[in-house]
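A short write-up of the structure that comes next.
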Amino acid sequence: MSLGDPRISNPVLSALKIKLEDRIISVKENGHADSNFILTHLIKQILYEKNKLCLVSFHNSIDHYQNVGKKLGYDLLNAVEANEVKLIEPIKDIVENIGFEENYLQENKENVVKCLYFDIKKSLDELLGGSDSQAYLVIDDLSHLLDLGVESSLIVNFANYCVNLINTDGISVVVNSHVSSKIDEIISSNLQYIADVHIDVSPLKTGRSTDVTGLITIERLSEKSQYHFKAFDRGIKTFHPGESIYHLYK
Amino acid sequence: MLRSYLTTLPHTKFVLIEGQVHVSGENVILHDFASDVCGWDTSKNKEDLESVASRLNAGDVVIVDSLAHAIFQYGLAETYRVFNLLKTKTGVQQIITLFHTDLVEDKDKLSRYFEHLSTLSICIEPKFISGNGRVHYTYKKLGGKIIKQIEEYKFEGEEFVTQKIEKPDPKKLLESSMRPEVDPETLTTFKIGLTDTERESRDKLDLPYV
């Protein structure tokens, strides 16, 4: 493996150690923390490994992903042109439907998630179409379906459908959910039970710090590891809890 | 004791496991209610939980994974009705289900409904002091007697071993918590203690009160 391999050189990716066998990855964003960097770093790994990506973004605009991607070293829009990435942008559709009760804003909420599921399935089929590579479905983030008025049981069922996509060899699913209420907990716990890897991003319990932005906990069946991380303008540094002084003030 | 309740014949009818324990059985027929929950995939012929339940034969053991998801799919009333049907139906030997209480709102109410229906309800508790897992179970005997117990469990290879939690001996606890006597003279090279004559003269001294 060369030094250029971000799975080794990048602090976040080398901490996460996501392999091809990790088919279900759940990310939990607690309280005021921002777990978006986990997704943007995973996208870096996916593109580096020449795998395909279907990105469903409820939380950030595609411009955001493009900007962050540029800072991390990849060009998302180029990858879209090259048919390596498919984007599903509910945010854009919702803006266009304000005032009309259509699509994401329609009354029948089961229809909302059903259509989204079929859109995702279609995109993944197009991405996989005959090639050998792995296609990753990245959803950011599931708790926004609650904001759209979809009830929790429907969201759990929708998540179930998305997770069942892994029955097709070659598909892996990454789902991010923000948690700040009991119902959010239910949705996130549901994923946590079935995930191969569960990544928890929380703020520090004691409050804000200039040295440490937050805590990442990575849980697999066999092991659990924790890292503190500090977010910079152009990247993220990770280190074992308590060792910030060695890494930040060399 | 828990192990014997789980294994004695006739098998206890409805085992409700709350928490995160997996149970497996032999000659398993899988009824897949997980992959097409809402019937969006029109190519598959979706079966109803109730129709599957009514088709079960004598001697069948039903394992439902998981109760919370069944409640999501069918609603509380329908799920309760199906389980009640399974329980009262002669022939079904045993029903085992797993209830993830953190997946439902109002878990106290829901767990009470299903605990009422169950004949053995096992609740996984957090570990305490020892490294073994803990379970809190309620077992309803056929004669009407109800036994509630907290036990520890562990897996020794393939064996599932349970044991009652031993009450720690108070004498032993006292012994281990009492710190050994420390002789103050040995603490430092300074003379800290008083000899008997020094103690006497100190006692005799009248302190001036101004």
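The values are calculated or read from the model by the stated rules, or taken from the named source; none is laboratory data. As the structure is a computational prediction, the values presented were derived from the model and not from experiment. FYI the Cβ positions are ideal-geometry reconstructions off the backbone, even for glycines, and counts take in every protein chain you see.
A few points about this structure:
- Here A:LEU76 fulfils each of the conditions (1) more than 20 Å from A:VAL163 (Cα to Cα); (2) exposed (fewer than 15 other Cβ atoms within 10 Å of the Cβ) apart from (2).
- A:ASN176, sole failed condition from (1) within 12 Å of another protein chain (Cβ to nearest Cβ); (2) of a type outside the set (D, E, K, R); (3) closer than 18 Å to A:HIS59 by Cα: (1)
- Matching option when the condition is under 30 Å from B:GLU159 (Cα atoms) and either within 14 Å of chain A (Cβ to nearest Cβ) or not in a strand (DSSP E or B) (or both), among B:HIS136, B:HIS116: B:HIS116
- Criterion violated by A:LYS86 - all others in (1) assigned to a strand (DSSP E or B); (2) closer than 15 Å to A:VAL150 by Cβ satisfied: (2)
For every residue, the table says whether it meets (1) surrounded by 20 or more Cβ atoms within 10 Å (Cβ to Cβ); (2) within 27 Å of A:ILE155 (Cα to Cα); (3) outside the structural domain of A:CYS54 (by TED's automatic domain parsing).
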| residue | (1), (2), (3) |
| --- | --- |
| A:ASP169 | no, yes, no |
| A:VAL173 | yes, yes, no |
| A:THR210 | no, no, yes |
| A:GLY214 | yes, no, yes |
| A:PHE232 | no, no, yes |
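- Single residue of A:VAL201, A:VAL150, A:VAL179, A:VAL163 found to be over 28 Å from A:LYS17 (Cβ atoms), touching a residue at least 40 places away in the same chain (Cβ under 8 Å) and touching a helix residue (DSSP H, G or I) at 6+ places or on another chain (Cβ under 7 Å): A:VAL150
- Close pairs from segment A:115-135: first within 14 Å of chain B (Cβ to nearest Cβ) and under 12 Å from A:ILE171 (Cα atoms), partner surrounded by 13 or more Cβ atoms within 10 Å (Cβ to Cβ) and modelled with pLDDT of 85 or more, Cβ under 8 Å, at least 6 apart: A:ILE120/A:CYS54; A:ILE120/A:VAL56; A:ILE120/A:ILE88; A:ILE120/A:LEU137; A:ILE120/A:CYS162; A:ILE120/A:LEU165; A:LYS121/A:LEU165
- Enumeration of residues in segment A:177-208 that are small (Gly, Ala, Ser), closer than 26 Å to A:LYS237 by Cα and surrounded by fewer than 21 Cβ atoms within 10 Å (Cβ to Cβ): A:SER180, A:SER202, A:GLY207
- Odd one out for A:LEU221 among (1) assigned to a loop (DSSP other than H, G, I, E, B); (2) surrounded by fewer than 13 Cβ atoms within 10 Å (Cβ to Cβ); (3) without any contact (Cβ under 8 Å) to a residue 12 or more places away in the chain: (3)
- Considered as a group, the residues in segment A:179-193 that are more than 10 Å from chain B (Cβ to nearest Cβ) and in a helix (DSSP H, G or I) include one that is nearest to A:THR40 (Cα to Cα), and that residue is A:LEU191.
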